[in-house]
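To start, the structure under review is shown below, and the notes come after it.
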Amino acid sequence: MEGTKENIFDRLNAARTLMAEVDELPTVPPVVLRLAGRLDDPEVSIDDISDLLLQDQVLTTRVLRLVNSSFYCPLKHLDGLREAIIYLGLDHLKEVVFTCAVVDLFKTRKEGFSRSVIWAHALGVARVAKIIAERLGYPDPFNAYLAGLLHDVGAVFLNFFRGKDFLSSIYLAETENIPLHESELRLLGASHCEIGYILGCRWHLHESITDAILYHHNLDTAPPEHAAGVALVSLADWFCTRHKLGYEGKDDSGNIREGWEAHQAWEVLRERVAAPCEPGPVLDELNGIVAELRTAILEGLYMV
């Protein structure tokens, strides 16, 4: 859903009104936010992080599974948490912790919604956004990763909120002229981008992450100070969709190289990133690891 700053503002208001009516919104576990804060402290020790992580045994188990997966390819199986933290390093640990924590946000029992599809796509966009960020010298690859991981989290909320009953209401409104409930009309006034933005703000995520969630389909309206991060997620989303990383049913017709090189994100990145922004070499690298990415994503569906 594209638009101007004005109609994005209108959709944000619609999303806020809608979400104010929901009693329980999804949350990020408090231990994850505490871990993120501690990991930003240059004086933090491995023992401090290990003790904090062990307060959540489910999260600890997931972290060990993920570290031992093809996502991180250890040379040997890592049994202990301290050993896993040393192997990863504290920068990568924050990435792993958030990945293991937010998977619960993608779980739903509503009919007609495939958690595995959107989770696989989220993992793919996160990995690709981080790779592009590292190649272009973007100063915070972790924020690019997390923004990619959460860029469609609003779609999870929408599908959970509306479910089969909402879809039936839309069908009856269109075919039998039965009026929609006021909350259903409000829902139609907001896209998954606005919903995800509000969730990210409630979780106190960095503005570069929430802006990437909100504007990754609307690069023209992204705030200049966060435009590069938005562009990274937009590029990663485009690449993963064309290569069917997650959204297996998407149409990937057309010349991928032409579309990649013509993507508006490159214009933004050339203005905002100091390093040379040549799309060809980055695409060649990503094309070369598509099979590896697909394997890691498939494993990621079952590891947490």
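The values are calculated or read from the model by the stated rules, or taken from the named source; none is laboratory data. Everything numeric here is computed off the predicted structure, so don't read it as measured data. Note that each Cβ is placed from the backbone with ideal geometry, even for glycine, and that neighbours are counted across all protein chains shown. For accessibility, only protein heavy atoms count, side chains too; no ligands or nucleic acids. Shrake-Rupley method; radii C 1.70, N 1.55, O 1.52, S 1.80 Å.
Per-structure values
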| item | result |
| --- | --- |
| All positions within region 22-43 that are open to solvent by less than 30 Å² (accessible area, probe 1.4 Å) and either in a helix (DSSP H, G or I) or modelled with pLDDT of 90 or more (or both) | 31, 32, 35, 36, 39 |
| Qualifying residue in region 10-19 (condition: more than 19 Å from residue 193 (Cβ to Cβ), in contact with a helix residue (DSSP H, G or I) (Cβ under 8 Å, 6 or more places away or on another chain) and buried (at least 17 other Cβ atoms within 10 Å of the Cβ)) | no |
| Failed condition for residue 144, given (1) at pLDDT 90 or above; (2) surrounded by fewer than 20 Cβ atoms within 10 Å (Cβ to Cβ) | (2) |
| Those residues of region 261-294 which are under 22 Å from residue 221 (Cα atoms), aliphatic (A, V, I, L, M) and either out of contact with any helix residue (DSSP H, G or I) (no Cβ under 9 Å at 6 or more places or on another chain) or not in a helix (DSSP H, G or I) (or both), in sequence order | 262, 273, 274 |
| Answer residue from region 176-222, given it is open to solvent by 80 Å² or more (accessible area, probe 1.4 Å) and under 21 Å from residue 138 (Cβ atoms) and is modelled with the highest pLDDT among those | 207 |
| Residue 173 being closer than 24 Å to residue 11 by Cα and at pLDDT 90 or above | no |
| Qualifying residue in region 64-76 (condition: touching a helix residue (DSSP H, G or I) at 6+ places or on another chain (Cβ under 7 Å) and at pLDDT 90 or above) | yes |
| Close pairs (8 angstrom Cβ cut-off, 6 or more residues apart or separate chains): of a type in the set (Phe, Trp, Tyr) in region 200-220, crowded, with 17+ Cβ neighbours inside 10 Å and not in a helix (DSSP H, G or I) anywhere | 203/28; 215/222 |
